[in-house]
Amino acid sequence: MAEKFCKNMFYYMKNIFKSALLLVVLCAFASCGEQVEPVDEYLEVTANNLSGDWTLQTWNDGAVPEDGVAVYIRFIRKDSRYEMYSNVGSMEFVRQTGDFVIMNDEALGYVIAGNYDFTLGQEWNHRYIVRLTSDRMVWTAVDDPSDVCVYVRTSIPQDITSAFPPVEE
């Protein structure tokens with residue numbers, strides 16, 4: 001009887017050991033499965049993806065003052081042009097226009113630079129690394145990483161744009 005008991009016990013232990021081993025192997029395979037990288041939410045920075053109206057939401061981690069100060073920028077895909085409307089340091093909005101260029105730098109990523117019309121080709125103060133989503137873009141100055149501007153998609157108010165003559169193409 002003792003011999004039969006030992007054989008049964010050995011049989012059950014063997015099955016438990018097999019089950020435990022199978023469970024360990026399955027867990028190992030499950031943890032070695034293909035790791036799915038999170039989808040990069042950033043878009044390719046092209047004139048087409050940048051095209052449209054934007055407003056400055058924050059600058060250097062601070063909100064743009066609420067007392068009527070605003071910066072709007074419109075990127076025009078055709079001919080890589082921009083129009084900027086700003087009342088920073090002024091009681092009235094000022095319009096600046098010019099050309100922009102987008103470069104894909106191997107080390108930095110997408111970089112935007114531009115120049116102003118009516119200033120003999122004066123370039124912007126900085127070139128900016130751009131991170132773009134469908135409704136938000138972050139500009140970081142290449143030569144000053146503490147200079148960070150966040151823009152969000154918007155519509156430039158008609159009363160601002162209508163105060164200026166049409167831009168000649």
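The values are calculated or read from the model by the stated rules, or taken from the named source; none is laboratory data. Values in this document were obtained by computation on a predicted structure and should not be read as measured data. Neighbour counts are summed over all protein chains in view; Cβ atoms, including those assigned to glycine, are modelled from backbone coordinates with ideal geometry. Protein only, heavy atoms only, side chains kept; ligands, DNA and RNA dropped before computing areas. Shrake-Rupley method; radii C 1.70, N 1.55, O 1.52, S 1.80 Å.
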**OP:** Can you tell me which residue within the range 130-163, out of those that are of a type in the set (A, V, I, L, M, F, W, C) and open to solvent by 50 Å² or more (accessible area, probe 1.4 Å), is nearest to Val71 (Cα to Cα)?
**Re:** Ala163
**OP:** Search the range 154-167 for residues that are closer than 10 Å to Tyr72 by Cα and pair each with any residue that is open to solvent by 50 Å² or more (accessible area, probe 1.4 Å) when their beta-carbon atoms are under 7 Å apart and the residues are at least 6 apart or on different chains.
**Re:** Ile156/Arg74; Ile160/Phe93
**OP:** Kindly list the number of the only condition in (1) in contact with a strand residue (DSSP E or B) (Cβ under 6 Å, 6 or more places away or on another chain); (2) open to solvent by 50 Å² or more (accessible area, probe 1.4 Å); (3) under 16 Å from Ala47 (Cα atoms) that fails for Gln122.
**Re:** (3)
Original post:
Got at least one residue in the range 112-129 being hydrophobic (A, V, I, L, M, F, W, C), part of a strand (DSSP E or B) and touching a residue at least 60 places away in the same chain (Cβ under 8 Å)?
Top reply: yes
Original post:
Can you find a residue in the range 45-54 that is outside any strand (DSSP E or B), open to solvent by 70 Å² or more (accessible area, probe 1.4 Å) and at pLDDT below 90?
Top reply: no
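Results for (1) open to solvent by less than 80 Å² (accessible area, probe 1.4 Å); (2) under 13 Å from Thr161 (Cα atoms), shown as yes or no for each residue.
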| position | (1), (2) |
| --- | --- |
| Asp61 | no, no |
| Ile73 | yes, yes |
| Arg81 | yes, no |
| Tyr85 | yes, yes |
| Val88 | no, no |
| Gln96 | yes, yes |
| Phe100 | yes, no |
| Ala107 | no, no |
Original post:
Only one of (1) in contact with an Asp or Glu (Cβ under 8 Å, 6 or more places away or on another chain); (2) surrounded by fewer than 15 Cβ atoms within 10 Å (Cβ to Cβ); (3) modelled with pLDDT of 95 or more is not met by Arg127, so which one is it?
Top reply: (2)
